[in-house]
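Down below is the structure, laid out as structure tokens.
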Amino acid sequence: MREYMERIDGERILLRQGAIPGMRVPGMIFADSYIERSLDADNSLLQVANVATLPGIVGYSFAMPDIHWGYGFPIGGVAAFSAEEGIISPGGVGYDISCGVRLLSSRIPEQEVRKAVDSLLPALFSAVPSGAVSGGGLELSTRELDAVLENGAKWAVKKGYGTEDDLEKTEERGCLAEAAQGVVSQRAKERGRTQLGTLGSGNHFLEIQTVDEIYDETTAARMGLVEGCATVMIHCGSRGLGHQVCDDYLKTMRRAMGRYGIEVPDRQLVCAPLNSPEGREYLGAMRAAANYAMANRHIIADSARRVFKRFFPREQLRTVWDVSHNLAHIERHRWEGREVSLCVHRKGATRAFAGQAVLIPGSMGTESHVLCGTERAEQTTFGSTCHGAGRMMSRSEALKRTDAGRLIRELSDKGIAVMAESRRTLGEEAPEAYKDVSSVVDVTHRAGISTKVARLRPIAVMKG
Amino acid sequence: MPWKIIAHTADAGLEVYAETWAELFKLAAEGFYHICLDGDLSSSPFEGFDNSHTISIEAIDLEELAVSWLNELLFLLETRRAIFIPSSLSVSDTRATLLAEGVLAPANQARISVKAATYGGIVINGSPSPFLRVFLDM
């Protein structure tokens, strides 16, 4: 594979067609030399090439600098398919459909938060169900769950969670149109019935942060970010409901592919033409799961806001932005001089249209970043950028190398409080298991596909 | 140990070796529960109601059968907080079907960071004896 790689500049590597048979377009990997070295550690490069073989792919099979081994698509993978002749693939979205990030800003000084953090963090831990529990969230009737799937965060606002202003600050105003609850299986609905408003486990978290440094004052001010003041970041997705939707449609598409004469190099890349019954059904079900995820983050944010109100009654947490990083959207883009309709898959990648906020969580205990989408991203990556630090060490290896007690003490020494449902999760999520998020962000900044606005430093972390 | 956990950058994999197909699926369940429950498999069946449970799966091939089996166990763990303890398990490798009868027992530890069993990198074959490699999305 290496012999097909050609460095274009300090931030981009071309993976030429021919790296594997059947590539319809080249691959394009955003990586500096530090990130390039990590490409040898897993199969993610092969996955970039595999995606390039899918029917109807346009331009490049992209990988963002947080690239690592995923299922089907690499994490950090972006691919756009012709809406007329292309496909849609559950493997290009992932199991955790619409996993994403919401950021809330405040004018509460860091010192005030630090004074309260010993009580504030347990209060958040109590208010937001987390960890590997079957439920703990809202108990929804069948009708209510269907309404969540069709209306997303809009349903939550109607029920008294959050505000209209939150919707204005959420991708697609918190509701993907043409979501179809009718094509979401009963099994998926059963998994989602008691999980709305829950964080989950693994790499999901709720974090209190402070705005540590501002790089772009005008944009930061527009986003409501104030240096030295607290923010709250929430990272989670569609929980068991989304996982089940993915699993269901992998089976559906495996059965359908033969009818459409499609062959894929990796079963996790099964797909169907976007305009086929199977493609349209998956799109509807995926949108429904995304609505569930957006409602989930919205309700968690509402819980966090209520807790903060008890501690800081005069202050308000305001939504900066809420954006998914596992999703497929039908979008209009200009490509090679033509206006085209594309199905853009982002798997561990963020929509970065000009002026939009891009939220990049770091690993536990390390900085996070707020970026801003650019016209260059719209012109070169179908409006896409990275989504996070990106793992570079397996969970088992991280667990072997990390003593959870020592990690808690080390974080405490850095002024970071931690609460977790499982000590094992702490070990698995040790900062050393991830790439340096600042390297990831710097690559996107230098490449111009999103620019740095502010750096956020953690004060307290809640893990599942 | 007839199964072992193998490394994956983001997730976890499982390799299982067995003498028969039924044993392969039983051992896969054991390894899967080990990952989900952090090694704590000690459990007794639910008391006070009928805890018998049957799992029947018809798949398109053995890969789908293995993934469906593990995802069925995940479904029970997530929605009922239950471990399935099979008393009988039969697998047809030619028809890709599975029938398991057993009981449900409470899962003592609620550590379920597994999202799904996946097809990524899956290997299942019967020669010289049944073998399964499967990765779990965490």
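Once amide H atoms are placed 1.01 Å from N in the peptide plane, what residues at a sequence separation of 5 or more from B:I6, or on another chain, have their amide H within under 5 Å of its amide H?
Those qualifying (amide H under 5 Å, at least 5 residues apart or on another chain) are B:G13, B:L14, B:E15.
Rounded, prolate or oblate: which fits the range A:77-158 when a ≥ b ≥ c are the square roots of the eigenvalues of the alpha-carbon gyration tensor, with rounded for a/c under 1.5 and prolate only if a/b beats b/c?
Here the range A:77-158 falls in the prolate category.
Report the FRET efficiency, 1/(1 + (r/R0)^6), for A:E178 and B:N125, where r is their Cβ-Cβ distance and R0 is 45 Å, rounded to 0.05.
Computed FRET efficiency for A:E178 and B:N125 comes out at 0.60.
Can you give the FRET efficiency to the nearest 0.05 for A:E139 and A:S185, using r as the Cβ-Cβ distance and R₀ = 30 Å?
0.90
Debye calculation, C-alpha points only, no solvent: report log10 I(q)/I(0) for chain A at q = 0.08, 0.09 Å⁻¹, in the same order as the q values.
Here the Debye-derived log intensity ratios amount to -0.42, -0.53.
Principal axes first, then extents: for the Cα atoms of the range A:1-67, list largest minus smallest coordinate on each axis, whole Å, largest first.
Per principal axis, max minus min of the Cα coordinates gives 32, 21, 21 Å.
On a 1.4 Å probe surface of the protein chains, which of A:R102, A:R107 comes out largest in accessible area, and what is the full order?
Highest to lowest solvent-accessible surface, that is A:R107, A:R102.
For the range A:434-464 and the range A:321-374, what is the centre-to-centre distance using only Cα atoms, to the nearest Å?
So the two Cα centres are separated by 14 Å.
For the protein assembly as shown, give me the percentage of DSSP beta bridges that are antiparallel, rounded to the nearest 5 percent.
The antiparallel fraction comes to roughly 95 percent.
Could you calculate the FRET efficiency of A:E112 with A:R16 from 1/(1 + (r/R0)^6), where r is the beta carbon distance between them and R0 is 60 Å, rounded to 0.05?
0.65
By how many degrees, between 0 and 90 and to the nearest 10, does the Cα long axis of helix A:110-127 differ from the longest principal axis of chain A?
70
Rounded if a/c is under 1.5, else prolate if a/b is larger than b/c, else oblate: which is the range B:3-137, with a ≥ b ≥ c the root eigenvalues of its Cα gyration tensor?
In terms of gyration-tensor shape, oblate.
Could you state how much accessible area A:W155 has, in square angstrom rounded to the nearest 10, with a 1.4 Å probe and all protein chains kept in place?
20
Among B:L24, A:Q17, B:G102, whose Cα lies farthest out toward the positive end of the dipole of the protein assembly as shown, if unit charges sit on the beta carbon of Lys, Arg (+1) and Asp, Glu (-1)?
Of the candidates, B:G102 comes out farthest on the positive side.
Given H placed on each backbone N at 1.01 Å, which residues far from A:L456 in sequence or on other chains put an amide H within less than 5 Å of it?
Under 5 Å from the amide H of A:L456: A:D212, A:S368, A:H369, A:V370.
Specify the inter-centroid distance of the range A:276-294 and the range A:73-126, based on alpha-carbon positions, in whole Å.
19
Could you please put B:Y119, B:Y17 in sequence from largest to smallest accessible area, using a 1.4 Å probe?
In descending accessible area the options line up as B:Y17, B:Y119.
With labels modelled as points extended 7 Å from the Cα through the Cβ direction, what inter-label distance (nm, one decimal) is found for B:K4 paired with B:E101?
Roughly 3.7 nm, to one decimal.
So how tilted is helix A:404-413 from the main axis of chain A? Cα-based, degrees 0 to 90, rounded to 10.
It is inclined by approximately 60 degrees.
Quick check for me: using +1 on Lys/Arg Cβ and -1 on Asp/Glu Cβ, what's the dipole size of the range A:41-151 about its Cα centre, in debye to the nearest 20?
340
Using each residue's phi in the range A:381-395, evaluate 6.51 cos²θ - 1.76 cosθ + 1.60 at θ = phi - 60° and report the 3J(HN,Hα) Karplus result to the nearest Hz, with x for Gly and Pro.
10, 6, x, 9, 8, 6, 10, x, 6, x, 6, 9, 9, 5, 4
How far is helix A:142-151 tilted off the main Cα axis of chain A, in degrees rounded to 10, range 0 to 90?
70
Sticking with the crude label model, points 7 Å out along Cα→Cβ, report the distance from A:D40 to A:R376 in nm, one decimal please.
The two pseudo-label positions are separated by 2.9 nm.
Counting residues in the range A:341-464 as N, plug N into 2.2 N^0.38 Å and put the Cα Rg over that result.
1.18
Got a sec to turn the phi values of the range A:18-29 into Karplus ³J(HN,Hα) couplings, 6.51 cos²θ - 1.76 cosθ + 1.60 with θ = phi - 60°, whole Hz, x for Gly and Pro?
Ordered by residue, 3J(HN,Hα) equals x, 4, 9, x, x, 5, 8, 9, x, x, 9, 10 Hz.
Using a 1.4 Å probe on the protein heavy atoms only, what accessible surface does A:T374 show? Give it in Å² to the nearest 10.
Estimated to the nearest 10 Å², A:T374 gives 20 Å².
Accessible area of the protein assembly as shown with a 1.4 Å probe: how many percent of it is carbon plus sulfur?
C and S fraction of accessible area: 47 percent.
Given Cβ point charges of +1 (Lys, Arg) and -1 (Asp, Glu) and nothing else, what value in debye, to the nearest 20, does the dipole of the protein assembly as shown about its Cα centre take?
940
Take A:S396, B:S87, A:S303 and sort them by solvent-accessible surface of the protein heavy atoms, 1.4 Å probe, largest at the top.
Ranked list, largest accessible area first: B:S87, A:S396, A:S303.
For the pair B:T94/A:A123, report the inter-label distance in nm, with labels modelled 7 Å from Cα in the Cβ direction.
6.8
The values are calculated or read from the model by the stated rules, or taken from the named source; none is laboratory data. Everything numeric in this text was worked out from a predicted model, so none of it was measured. Ideal geometry is used to build each Cβ from the backbone, glycine not excepted, and the neighbour counts take in all protein chains shown. Heavy atoms of the whole protein, side chains included, go into the accessibility calculation; ligands, DNA and RNA do not. Shrake-Rupley method; radii C 1.70, N 1.55, O 1.52, S 1.80 Å.
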